[in-house]
1. At Asp34 and Arg59, where each label point lies 7 Å from the Cα along Cα→Cβ, what is the point-to-point distance in nanometres?
2. How large is ³J(HN,Hα) for each residue in the range 89-105, as worked out from phi by the Karplus curve 6.51 cos²θ - 1.76 cosθ + 1.60 (θ = phi - 60°), to whole Hz, x for Gly and Pro?
3. When you count, for each residue, the other Cβ atoms within 10 Å and take the mean per peptide, how do 95-103, 4-12 rank with the highest first?
4. Run down the lysines and flag those whose C-alpha is under 24 Å from the C-alpha of Lys114, throwing out any fewer than 8 positions away in its chain.
Amino acid sequence: MKEEIKKIEGIVNELVSNALHAKATDVQTHIVRDGSNTTITVKDNGIGMDDQTVKKIHRLLNQPNKVEFEDVYGGLSGNRLSSSGLHIVGMLVDEANVISQPGKGTEITVFRRKK
């Protein structure tokens with residue numbers, strides 16, 4: 001249980017950090033844990049992304065989950081020393097949705113099932 005919480009914290013830290021780097025002045029985080037499922041939504045009013053960038057981020061966050069690497073990646077997500085944060089988040093989540101508009105902000109929702 002403690003390791004699962006650490007992974008969820010890392011995911012949230014990375015998504016919030018990205019929102020702040022996008023010059024957001026309002027960042028809303030919503031986390032729902034239901035049994036072994038967790039849904040995390042981070043919405044911001046930052047600079048937003050164009051369609052090409054949204055597609056790139058969507059691909060990063062929806063890569064195949066590699067259970068055998070979860071413990072390693074779980075310790076790196078949200079870590080300021082890791083430069084590939086969204087890639088690591090993508091390894092920890094099962095599905096992600098990305099909505100963004102330039103100048104309006106971004107909303108990212110990720111779904112994780114406890115392994």
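Nothing in this text is a laboratory measurement; each read-out follows from the coordinates by a stated rule. Only a predicted model underlies this, so the values are computations on that prediction, with no experimental measurement involved. Cβ placement follows ideal geometry from the backbone for every residue including glycine, while neighbour counts extend to all protein chains displayed.
1. 3.2 nm
2. Residue by residue, the range 89-105 yields 4, x, 6, 9, 10, 9, 7, 8, 10, 10, 10, 7, 9, x, x, 10, x Hz.
3. Listed from highest to lowest mean packing, they are 4-12, 95-103.
4. Lys2, Lys6, Lys7, Lys43, Lys66
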